[in-house]
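Report on the structure given below.
FYI, it's all coordinate maths here, none of it is from the lab. Because the structure is predicted, anything quoted here is derived from the model rather than measured. Please note: Cβ atoms are built from the backbone with ideal geometry, for glycine as well, and neighbour counts cover all protein chains shown.
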Amino acid sequence: MSNRKHRLCRADFRLFRPIPTRWHDNDVFGHVNNVVYYSWFDTAVCAWLVESGHLDIAGSAVVGLVVETTCTYFESTAFPETIEAGLAVERLGSSSVTYRIGIFRQGAEQAAAQGLFTHVYVERESQRPVPIPQALRGALADLTSSA
């Protein structure tokens with residue numbers, strides 16, 4: 001009867017990034033507003049790309065554009081928590097990658113929220129799709145897991 005997604009756990013992810021909540025992340029209901037989760041997804045992916053040397057924000061000739069995101073919520077988070085964003089690769093195509101992202105309360109085993117985040121790689125100037133660069137493809141393959 002329910003189409004509710006299976007709740008993921010830490011073992012479903014390959015790396016984690018702490019992200020502190022901010023005062024203005026909370027909404028009038030006293031929890032982090034849903035749109036903030038999408039910002040955390042973007043932060044988890046782009047920070048990993050920059051830190052691993054696969055994205056120069058101002059200079060990379062090939063960049064990933066977000067074409068789709070989804071999120072399923074299981075429990076609330078709120079300021080002043082620090083959440084942990086889990087990251088793994090769900091699907092690796094020729095010019096696109098879909099990341100699996102989990103938002104965890106610190107130390108929690110199950111995700112408070114989880115979703116998918118898809119990049120299509122394009123040539124920056126033309127905005128036309130191109131194959132994922134080989135070095136990045138190898139790093140993405142290392143983040144692939146089976147959940």
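Observations on the model:
- Remark: the Ser76-His24 segment gains 17.2 nm on full extension, using 0.36 nm per residue and subtracting the alpha carbon distance.
- What the pair-distance distribution of region 10-142 shows, using all Cα-Cα distances binned every 5 Å from zero, is 2, 10, 21, 22, 18, 12, 9, 5, 1, 0 percent.
- Length gained on full extension, Asn33 to Arg128, computed as 0.36 nm times the residue gap minus the Cα-Cα distance: 30.8 nm.
- Cβ-based net charge around Ala61, under 14 Å, with every Lys or Arg adding one and every Asp or Glu removing one: -1
- Between Thr69 and Arg10, the contour length at 0.36 nm per residue exceeds the alpha carbon distance by 19.2 nm.
- Size of electric dipole in the chain: Cβ of Lys, Arg +1 and of Asp, Glu -1, about Cα centre, debye, nearest 20: 340 debye
- Relative packing of peptides 65-77, 49-61, 112-124 - highest average C-beta neighbours within 10 Å first: 112-124, 65-77, 49-61
- Placing +1 on each Lys and Arg Cβ and -1 on each Asp and Glu Cβ, with no other charges, gives region 66-147 a dipole about its Cα centre of roughly 260 debye.
- Estimated [θ] at 222 nm from DSSP helical runs (n ≥ 4, -39500 (n - 2.57)) normalised by residues in the chain, nearest 500: -6000 deg cm²/dmol
- Dipole-positive endmost among Pro20, Pro133, Thr72 within region 10-142 (Cβ charges, Cα centre): Pro133
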